[in-house]
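Below is one structure, written out as structure tokens; the observations come after it.
The values are calculated or read from the model by the stated rules, or taken from the named source; none is laboratory data. This one's a predicted model, so the numbers in the text were calculated from it and none came from an experiment. No Cβ is skipped: glycine too gets one built from the backbone with ideal geometry, and neighbour counts run over all protein chains shown. Remember, those area values only see protein heavy atoms, side chains included, never the ligands or the DNA or RNA. Shrake-Rupley method; radii C 1.70, N 1.55, O 1.52, S 1.80 Å.
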Amino acid sequence: MAKPRGHQNTSSKKACTSFRDKISNLPVDLILKILYFLSSKQVVQTSVLSKRWVLLWTLVPSLNLQDNNGGRFDKQARRKFVHFVDRVLFLKKSASVEKFSLNCQPIYGQSCINKWICTAMEQGLQEVDISVTEISKEYLVKLPCGLFLMKTLKILKLHRGIMVDVPVSVCLPSLKILHLLLVKYASAESISCFVSGCPSLEELHIDVRISPVNMMNLNISIPTLITLYLSLQYAFEKEPHAENFEINASALKNLIYLIYIIYTSSVSMHKQYFVENFPCIREANICVPEFYRTEILKAVSGVECLTLTWKQDFFDLVLEYNFCPLFANLTRLELRGVMNWRLLLLFLENSPKLETLVADYKIFRRDGRPRWRELKPVKCFLSSLSRVCFEDFIGLEEQVNMVEYFLMNARVLRIMEIYSRSELSSKSKHCFIKKLSKVPRSSETCQLSFK
């Protein structure tokens, strides 16, 4: 028998009340932790739930102000956002705020944006994350000088439409993490001056496009630095001025180092380039062109996990000078880009403790025809190499011969994984599996996987 409609509504209300009560009855500290990860607009909206929630949002130790692109085209939306931010900052003025996040359009103007930042700075911030939509050079926002003098600040992240104009004095003694992502700089020395005032920095992430109007001298000398992410995009049409580039970070453990040439017109990249050795390095991901020479390989020779995405000119240079340092601690190696059998063997010979090899076959360059069956096994084949993964397999003769070389010589190999390209037919895959399954294996426990 169906229940009366009124009874159903009553049950529904009780369920909602019960659910609301479960949240309301949580400890205040736990509620604040949940609200910490919401936008300030969502946090303020909780004040309508009950009397207990009216002022609870003011105790949340974070301000997360998101414009969501509405203010750029809608004047009314812009006025509402300004009123909301001003109101929230006023009501939070007496409360402690650990994190301040602002994502907005530059159309609000530098004075308005800096007013918001300065008001938040008065509350002993530990983390600041500012992102301004990049429109044009005229709308770049310069940050208040006081931001560079905050003794309590531990994390600082700046994104896009910001002009980093570093004052004469930078004093950020507590700063541990600094992200500078596609921002602009007032001078070529801006980054160097910035990091020189951060004596406790442990993580540095720089993503910058370098051009004739945005030149850069990078002098990164930070003894406390553990993680460094450098993404440098070069865009030149004419000969650039020489740049100074120096990295000195004796405690560095993790390095991601990416260089991209966006556009050049036969430009020769003249650089004064110095990289100190990183004795504590554990993991590195490197993609560099020829003009960086081979110093970077020597600098990371103590690494345990290494990913190299090579450009042809860079690794031609390695082969030309037969320069590949001894990677005494390397256990995992990923080689991506232009494949060359001589280069592969050179890295294997200099990695005596290698356990895992991942090789990408996007381009297989023929450089002489190796006699794989006559090549002797390298040292890591005898004691450590246990997993090999070949990607972008399309069935070239050189690829098949290389797989056979590993199967026949790697004595402790447990897994040989081959990932074929989508254009390789099921029939072709079956033929290769059948052929490779017949190859005698030096390791009795080796499993062949073809995907």
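Would you work out what percent of the accessible area of segment 376-451, with all protein chains in place, is carbon or sulfur (probe 1.4 Å)? Mind showing how you got there, number by number?
On the way: 2000 of 3980 Å².
Carbon-and-sulfur percentage of accessible area, whole number: 50.
Largest first, what is the accessible-area ranking of K51, K434 with a 1.4 Å probe?
Numbers: K51 190, K434 120 Å².
Ranked from most to least accessible, the order is K51, K434.
Of all accessible surface on segment 109-173 at a 1.4 Å probe, what whole percent is carbon and sulfur? The partial results should precede the final answer.
Values: 1530 of 2900 Å².
With neighbouring chains kept in place, the figure for segment 109-173 is 53 percent.
What accessible area per residue, rounded to a whole number of Å², is obtained for segment 137-220 using a probe radius of 1.4 Å?
Working: 3460 Å² over 84 residues.
Value returned for segment 137-220: 41 Å² of accessible area per residue.
Need one value: the accessible area of S40 in square angstrom, 1.4 angstrom probe, rounded to the nearest 10.
Number for this one is 10 Å².
I'd like to compare 56-63, 418-425: which one has the highest average count of other Cβ atoms within 10 Å, and what's the full order after that?
Values: 56-63: 19.6, 418-425: 13.4.
Sorting 56-63, 418-425 by mean packing, highest first, produces 56-63, 418-425.
I'd like to compare 404-410, 105-111, 427-433, 216-222: which one has the highest average count of other Cβ atoms within 10 Å, and what's the full order after that? Each step should come with its number before you reach the end.
Details: 404-410: 20.4, 105-111: 16.0, 427-433: 12.9, 216-222: 18.7.
Most protected by this proxy first, the peptides run 404-410, 216-222, 105-111, 427-433.
Could you pull out every residue, at least 5 positions away or on a different chain, whose amide H is within less than 5 Å of the one on C389? Hs are placed 1.01 Å off N in the peptide plane, and Pro or chain starts have none.
Counting only residues 5 or more places away or on other chains, the set is L357, V358, A359, E417.
So for V85, V166, what's the accessible-area order with a 1.4 Å probe, most first?
Values: V85 0, V166 25 Å².
Sorted by accessible area, descending: V166, V85.
As an exercise, identify the trypsin sites (Lys or Arg not before Pro) in segment 119-176 lying in DSSP coil whose Cβ has no more than 14 other Cβ atoms within 10 Å.
On the way: sites: K137, K142, K151, K154, K157, R160, K176; in loops: K151, K154, K176.
Loop-located and lightly packed - K151.
With every protein chain left in place, what is the accessible area of E203 in Å² (1.4 Å probe, nearest 10)?
Taking all protein chains as shown, E203 has close to 60 Å².
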